[in-house]
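Q: There's a structure below that I have some questions on.
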Amino acid sequence: REEEERLRNKIRADHEKALEEAKEKLKKSRDEIQAEIQTEKNKVVQELKKKDSKPLPPVPLPNLIGINSGEPADPDIREKRNKVKEMMKHAWDNYRQYGWGHNELKPIARKGHSTNIFGNSQMGATIVDALDTLYIMGLHDEFREGQEWIDKNLDFSVNSEVSVFEVNIRFIGGLLAAYYLSGQEVFKIKAVQLAGKLLPAFNTPTGIPWAMVNLKSGVGRNWGWASAGSSILAEFGTLHMEFVHLSYLTGDPVYYNKVMHIRKLLQKMDRPNGLYPNYLNPRTGRWGQHHTSVGGLGDSFYEYLLKAWLMSDKMDTEARKMYDDAIEAIEKHLIRKSNGGLTFIGEWKNGHLERKMGHLTCFAGGMFALGADGSRDDKAGHYLQLGAEIAHTCHESYDRTTLKLGPEAFKFDGGVEAVAVRQNEKYYILRPEVIETYWYMWRFTHDPKYRQWGWEATQAIDKYCRVSGGFSGVKDVYSSSPTYDDVQQSFFLAETLKYLYLLFSNDDLLPLDNWVFNTEAHPLPVLHLANTTLSGNPAYR
């Protein structure tokens, strides 16, 4: 009797559930249903491709040049370089003591810290991000501690939703660089394991990856705030360097094919004013809002076009052409001179130019300098000059503050130039982009002002961001008694301190003819692809 009743209730419940699901399905547009079917199909195909994982094939290591020393002869420069190394040691030692294994450190609370980009798990982001910096500084004991932690504790089979972009540039980039510098197999093995966990993010109708993926389940989705469920240009456009190296090291073309598919898709699309919008919908393959930026959301896409060409030993001319075309449109529509004579890069929003530049955009000075050689119509001098002008503008954004540290974003309106206006744009979170540009400008011009500017920044960071438990960002660079944000960002160790150290080193440490830095400052060797598994790819012929 009861049994029957229970069964009847169960049938009723199942029936209602089925009806609900059917209703849900009907609510979905035809496009969405097609998209879901396509995604499922892609998943099945991926599963079929996954055979038992074979051991990695032996590949010849590229000829590695300039991976240590670079010690300057000038005692004054040497002293500055040693100061940067001491700061690295302070940041690392405190992370080691108070945040070990966590993603980042809260230097004032003296405990671990993590943000949503790393999901909810302790993945030791600071360790992976800092390895190559430790290595080139000759901090080998610290490097070994990091290697040991990675060997024993770095586990990617966690139920955690991570940013595909951040994990690629920080973790895969960091592991690959550590592998190339040290030759330790563990880094290569971990990089390849992690890459396999990111691949399901590409199971979308268009092959444009989701922003986030669950490392355990492989389920992907996009950021809720991004334009109508779109993927972000700087996220899906900043995978090329790492994925080409993954295919090189594994002999498996799947990684290379994923990024080339994205490139082909972008090449086919119409671009408003020749500009790439920041948002693209991975279901429909159509642009989202027509916002264009060389700062956050756009920045590293352009950087990776140039660096794909450099990393291929200048064989990947398709990437160079895409870079040149994009830069031409950026110059025409986004780059302006202020009334006070400062060259800046604005943002295109809904058909007009916003006269505001972000700290993130300051990397572009270095990019223009790096891309000068090999540019169209003998414009090398022009682009080196443009790089110098951007460096100058960004230095002004630092110089016009109380702390001599730059704000997150600054305006060029009316009387106000290179200054932050809104309270929520006055913070400095230990970002590297301005120093990165100083370093590239130093390498290409050897103008001593770049070392001088870098030293100003070093002193300001040491004075205002250093606390006894590490380094912290500050909330207002215009205030003489700033409050701390209490986060020691992993990129401070990966990028900011590395670029400063390189700025006070000789050019034979990581020479730019042999190394290309990923967007998290992880150096990857130029691949002379005649002798590799990729030489069969038409893009490299």
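Q: Can you compute the label reach from residue 74? Point 7 Å from Cα along the Cβ direction, backbone N cut-off under 16 Å, restricted to the range 434-448.
A: Residues 438-448 qualify, since their backbone N sits under 16 Å from the label point.
Q: Report ³J(HN,Hα) in whole Hz for each residue of the range 143-154, in order, from the Karplus equation J = 6.51 cos²θ - 1.76 cosθ + 1.60 where θ = phi - 60°; Gly and Pro get x.
A: 4, 5, 4, x, 4, 5, 4, 4, 4, 8, 10, 6
Q: Given only helices, namely DSSP H runs of n ≥ 4 each adding -39500 (n - 2.57), what is the per-residue ellipticity at 222 nm of the chain, to the nearest 500 deg cm²/dmol?
A: -15000 deg cm²/dmol
Q: Give me, ordered by chain and number, the residues 5 or more places off residue 112 or on other chains with an amide H under 5 Å from its own placed amide H.
A: 106
Q: Could you size up the charge dipole of the range 364-518 around its Cα centre, putting +1 on the beta carbon of Lys and Arg and -1 on that of Asp and Glu, and report it in debye to the nearest 20?
A: 380 debye
Q: Please report, to one decimal in angstroms, the Kirkwood hydrodynamic radius of the range 389-445 built from all distinct Cα-Cα pairs.
A: 11.8 Å
Q: Now for a separate question. So what is the accessible area of the range 230-306 per residue, in Å², with the probe set to 1.4 Å?
A: 28 Å²
Q: I need the P(r) histogram for the range 363-426: all alpha carbon pairs, bin width 10 Å from 0 out to the longest distance, whole percents.
A: Percent of Cα pairs in each bin: 23, 39, 25, 13, 1.
Q: Distance in nm between label sites at residue 86 and residue 115, each 7 Å beyond Cα in the beta-carbon direction?
A: In this crude spin-label approximation the distance works out to 3.0 nm.
Q: If I stretch the segment between residue 219 and residue 189 completely, what's the gain in nm (0.36 nm per residue apart, minus their alpha carbon distance), one decimal?
A: 8.5 nm
Q: Which of the peptides 129-138, 379-388, 475-484 is most tightly packed, and how do the rest follow, going by the mean number of other Cβ atoms within 10 Å of each residue?
A: 129-138, 379-388, 475-484
Q: For the chain, what % of the accessible area comes from carbon and sulfur atoms, probe 1.4 Å?
A: Carbon and sulfur atoms account for 50 percent of the accessible area of the chain.
Q: Report the label-to-label distance for residue 270 and residue 456 in nanometres (one decimal), using points 7 Å from each Cα along the Cα→Cβ vector.
A: According to this spin-label approximation, the distance is 4.6 nm.
Q: Next question. Long-range amide H contacts for residue 419: which residues qualify at under 5 Å (H placed 1.01 Å from N, peptide plane, sequence gap of 5 or more or a different chain)?
A: 411
Q: Same structure, new question: Could you give the length gained by full extension between residue 152 and residue 349, i.e. 0.36 nm per residue of separation minus their alpha carbon distance, to one decimal place?
A: 66.2 nm
Q: Another one. Give, in nm to one decimal, the length gained when the segment between residue 466 and residue 382 is fully stretched (0.36 nm per residue of separation minus the Cα-Cα distance).
A: Net length gain for the segment: 26.4 nm.
Q: What is the projected area of the convex hull of the Cα atoms of the range 321-416, averaged over all directions, in nm²?
A: 6.6 nm²
Q: Something else now. Can you give me the orientation-averaged projected area of the convex hull built on the Cα atoms of the chain, in nm²?
A: 28.7 nm²
The values are calculated or read from the model by the stated rules, or taken from the named source; none is laboratory data. This one's a predicted model, so the numbers in the text were calculated from it and none came from an experiment. Methodologically, a virtual Cβ is constructed for each residue, glycine included, from the backbone with ideal geometry; neighbour enumeration extends over all protein chains shown. Just so you know, the surface numbers come from the protein's heavy atoms only, side chains and all, with ligands and any DNA or RNA stripped out. Shrake-Rupley method; radii C 1.70, N 1.55, O 1.52, S 1.80 Å.
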